[in-house]
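Inspection log for the structure reproduced underneath, given as structure tokens.
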Amino acid sequence: MVQLTTPDIVSLLAILILFLYLVLRDSIFYARPYRTARKGETGGTPGQALPSVSVIICARNEAEHLAAYLPAILTQDYPDYEVIVVNAGSTDRTDETLSQLKARFPHLYYTYIPQGTRYLSPRKLALTLGIKAAQKECLLFTEAYCEPNGPHWIASVARNYQPETTVVLGYCQYNHHASLADHLIAYDNLLTGVRQLASALGHHPYAGDGRDLSYRKEEFFRHKGFSSSLFLNRGDDDLFINEIANGTNTRVALAPESFTSMARYDRFQWWLERKAALAATQRHYKGAQTRLHQFDDAAYLLFSLLALGTILFALLTGRPLLILPPAFLLLVRFAIRAHALHRDARQLGQRLSIGRLLLLEPVLPLLLAVIRLGAFSNGKKDYTYFVDD
């Protein structure tokens with residue numbers, strides 16, 4: 001018979017409460033993209049009229065990626081679309097690459113912003129120029145370093161537009177696993193994507209990913225573009241969607257061909273800079289979704305620390321039976337989490353092994369907390385101008 005002290009009881013109750021919260025979130029919220037896709041609850045009506053689409057890309061020193069990936073966008077199987085690339089002050093062969101592609105594809109249009117643009121986000125300026133130049137009804141955004149998953153990418157996104165729809169959220173895959181850093185980036189990309197899509201599927205959209213994102217052109221001008229966040233480099237995708245999206249005007253594209261896939265980060269530092277810039281803009285989000293996700297991370301860390309601390313204390317005090325409850329809850333919670341995220345990863349075209357999840361799940365929240373603290377201490381000074389992302 002194990003003699004439980006008051007601290008033992010308090011610790012076990014705290015572990016149980018956190019366990020129940022985390023299990024409910026994992027089995028309901030984080031499983032939502034997979035369940036929705038399996039039920040076939042996304043996508044348009046067969047035979048529906050598809051809107052005209054302007055694909056807009058902001059490129060800075062992306063000549064190599066444009067040459068590799070832009071032809072796949074320019075050869076989409078879609079009846080009415082154009083592609084607009086805005087050269088955001090490139091110093092490489094971007095302009096020459098675009099000129100060569102224009103000779104082959106007349107529906108490609110490109111313009112540029114001058115080098116040295118200051119006191120205004122060059123990225124937002126570039127995208128605003130592209131949007132003003134767009135001649136089509138709906139805008140579809142991606143990056144120069146991203147490739148669509150097949151010739152029906154535009155159609156797979158556009159078919160989600162219904163009369164009430166003004167925003168369609170997509171997903172960009174990261175399937176590079178050459179190093180531990182790549183595994184971490186891929187897991188963060190999956191978790192961020194699942195959170196954005198699951199929130200939107202639950203009628204609480206809060207952000208989008210500019211690597212695969214669409215909204216109506218009229219929506220941009222109705223909300224005066226990026227006027228509310230011009231002081232930040234970021235916010236052209238996540239903060240703008242946070243401003244305009246709601247539970248009735250937003251849909252999610254979950255068909256595999258609606259996804260894009262991105263090139264590998266050449267330097268881990270670039271990913272860190274992107275996460276820091278995103279952390280700086282998240283302070284301006286409306287709604288509680290971001291704080292709820294941060295609470296999820298904090299609850300997981302507290303649950304793990306309490307459970308492991310209880311196990312260690314039981315070993316040190318010679319009470320091995322006290323190890324069983326927290327150890328059992330740790331294993332059950334991990335199994336439920338792994339099951340939910342593994343199914344989401346499969347639906348979104350990413351790989352996630354149990355061993356990788358076991359390693360990365362405790363590391364990522366700690367790293368993101370450090371990044372958020374750094375972004376908070378730096379204020380906005382590091383995120384006003386163009387960050388290569």
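The values are calculated or read from the model by the stated rules, or taken from the named source; none is laboratory data. Source: prediction; values computed, not measured. Glycine gets a Cβ as well: all are built from the backbone with ideal geometry, and neighbour counts include every protein chain shown. All accessible areas refer to the heavy atoms of the entire protein, side chains included, with ligands and DNA or RNA removed. Shrake-Rupley method; radii C 1.70, N 1.55, O 1.52, S 1.80 Å.
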Given all pairs of different Cα atoms, what value in angstroms does the Kirkwood hydrodynamic radius of the stretch 180-315 take?
17.0 Å
What do you get for the angle between helix 289-316 and the principal long axis of the chain? Use alpha-carbon atoms, 0 to 90 degrees, nearest ten.
30 degrees
Tell me, rounded to the nearest percent, the portion of alpha carbon pairs in the chain spaced more than 33 Å apart.
34 percent
P(r), alpha carbons of the stretch 146-252 - 10 Å bins starting at zero, rounded %:
14, 42, 33, 10, 1
Sort Phe268, Phe295 by accessible area with a 1.4 Å probe, largest first.
Phe295, Phe268
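At a Förster radius of 30 Å, what calculated FRET efficiency corresponds to the Cβ-Cβ distance of Phe268 and Leu305, to the nearest 0.05?
Efficiency, from the Cβ-Cβ distance: 0.65.
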Normalise the Debye intensity by I(0) for the stretch 38-178, one equal point scatterer per Cα, no solvent, then take log10 at q = 0.15, 0.20, 0.22 Å⁻¹ and round to two decimals.
-0.78, -1.25, -1.42
Mean ellipticity per residue at 222 nm, deg cm²/dmol - from DSSP H runs of n ≥ 4 across the chain, formula -39500 (n - 2.57):
-16500 deg cm²/dmol
Glu96/Ala72 FRET efficiency (R0 22 Å; Cβ-Cβ; nearest 0.05)
0.65
On Cα atoms only, tilt of 122-133 relative to the major axis of the chain in degrees:
50 degrees
Probe 1.4 Å, all protein chains present, accessible-area order of Lys224, Lys136, Lys286, largest first:
Lys224, Lys286, Lys136
Which angle between 0 and 90 degrees, to the nearest 10, do you get for helix 180-201 versus the longest principal axis of the chain when only C-alpha atoms count?
80 degrees
Alpha-carbon gyration tensor eigenvalues x 5, square-rooted, for the stretch 245-363, Å
34, 19, 17
Could you check how many percent of all C-alpha pairs in the stretch 139-197 are farther apart than 12 Å?
73 percent
Looking at the P(r) of the stretch 17-115, how many percent of alpha-carbon pairs lie beyond 18 Å?
62 percent
Going by average Cβ density within 10 Å per residue, which order do the peptides 300-310, 237-247, 139-149 take, highest to lowest?
139-149, 237-247, 300-310
Computed ³J(HN,Hα) along the stretch 365-372: with the Karplus parameters 6.51/-1.76/1.60, θ = phi - 60°, integer Hz and x for glycine or proline, the list is x, 5, 5, 5, 5, 5, 5, 5
Whole-percent carbon and sulfur share, accessible surface of the chain, 1.4 Å:
62 percent
